[in-house]
1. What is the packing order of peptides 61-67, 124-130, 46-52, taking the mean over residues of other C-beta atoms within 10 Å and listing the highest first?
2. Within straight cross-link reach of Lys180, meaning Cα distance under 14 Å, which aspartates and glutamates are found once same-chain residues fewer than 8 apart are removed?
3. Please give the net charge around Leu202, taking every other residue with its beta carbon less than 10 angstrom from that of Leu202, where Lys and Arg add +1 and Asp and Glu add -1.
4. Sorting check: for 258-266, 285-293, which peptide has the highest mean count of neighbouring beta carbons within 10 Å, and how do the rest follow?
5. Using only the Cα atoms of segment 54-174, build the gyration tensor, take square roots of its eigenvalues as a ≥ b ≥ c, and label the shape rounded, prolate or oblate: rounded if a/c is under 1.5, else prolate if a/b is larger than b/c, else oblate.
6. Provide Ile177, Ile73, Ile159 in ascending order of the number of other Cβ atoms located within 10 Å of each residue's Cβ, fewest first.
7. Have a look at Val206, Val23, Val216 and tell me which one the Gaussian network model of the chain (Cα, springs below 10 Å) gives the largest fluctuation.
8. Neighbour counts of other C-beta atoms within 10 Å: give me Ser230, Ser18, Ser85, Ser29 arranged from fewest to most.
Amino acid sequence: MPGADGCQLFLKATLAMSMKVTVWGARGSVPTPGVEYIRYGGDTTCMSLETDDGTLVVLDAGTGLRRFGSELIRKPPRRIAFVLSHAHWDHVIGFPFFKPLYRKGFELDFYGCTHAQASVRAMVEKTMQAPFFPVDLSRVGATLTFHERCGDECMIGDIVVQRFPMSHPNGGCGFRIGYKGRSLIFFPDNEFTFDHQGGRSLAGYVNFCAGCNLLVHDAEYRAEEYAAFSRGWGHSIYTDTVRLGLEAGAERLLLWHINQDRVDDQVDALQTEARAVVLAAGSRMTCDMAAAGMVIEV
Ligand SMILES: [Zn+2]
Ligand SMILES: [Zn+2]
């Protein structure tokens, strides 16, 4: 039994926690089932965050969203906000398999940048369009609200969402999520060393990410892979991502968009090398590869 001091400590820890972040999938471009991908997971981009006052936000709707939906329908229906970075398949394809979509009582709000598509509604609708999917979006059970006019900043409950362009083919944007003085930055796909239309320079991203508590950022490639075949595809070399985290003074860095061919042992090796870069810079920034199932308190 915890004594009075133990209870106070527990209370303090609970009050200090303001956002619970869960990783549902961090794989890049295509899902990767198979025993060699078990520890980091094979589902594509999806992350949820829940504030201590009960606001629930989903960041991107990759295949990781399916598992989260299966968990949500075991509890009473609730309101869920989707914040979508861009329309590439690996970031939206989990949406038609999100079970709360088909249940009455769930209220789904959608926020996204319109420059990656004609509208947020069009982006979501296309994932269920005939002849590629058998159920039309107009026949679902949940109540849907599309917030088409998302400016550079919007509010979801007490959460402040600021957006910033990604440097990525076909556009899209990353987000700074602020709540009770804590902050999470989400750039699942980004190649800031390449001049994609609408993208910004390293200095712009350093400024946007400055002093964040958690930086989630694309770190798909090794330098030699990038040089050989993937320059201009919209993704970063992990050492560039570590440099961004260090220059921005991030407290914690989560390396995202794990390459589809990188098996668990190779992801371990990349993590070790990334941490060595952080250590060599004399920084105390925490640095991990993202793994499905990871829960982080921000
Ligand atoms: Zn992607
Ligand atoms: Zn993309």
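1. 61-67, 46-52, 124-130
2. Within the straight-line cut-off, Lys180 pairs with Glu50, Asp52, Asp53, Asp158, Glu297.
3. That sum, taken over residues with Cβ under 10 Å, equals 0.
4. 285-293, 258-266
5. Verdict is oblate for segment 54-174.
6. Arranged by neighbour count, lowest to highest, Ile177, Ile73, Ile159 become Ile73, Ile159, Ile177.
7. Val206
8. By the 10 Å Cβ count, ascending, the order reads Ser230, Ser18, Ser29, Ser85.
The numbers here are math on the coordinates, done by the rules we state, and not lab data. Since the model is a prediction, treat every value here as computed from it, not as a measurement. Note that we place each Cβ from the backbone using ideal geometry, even for glycine, and neighbour counts take in every protein chain shown.
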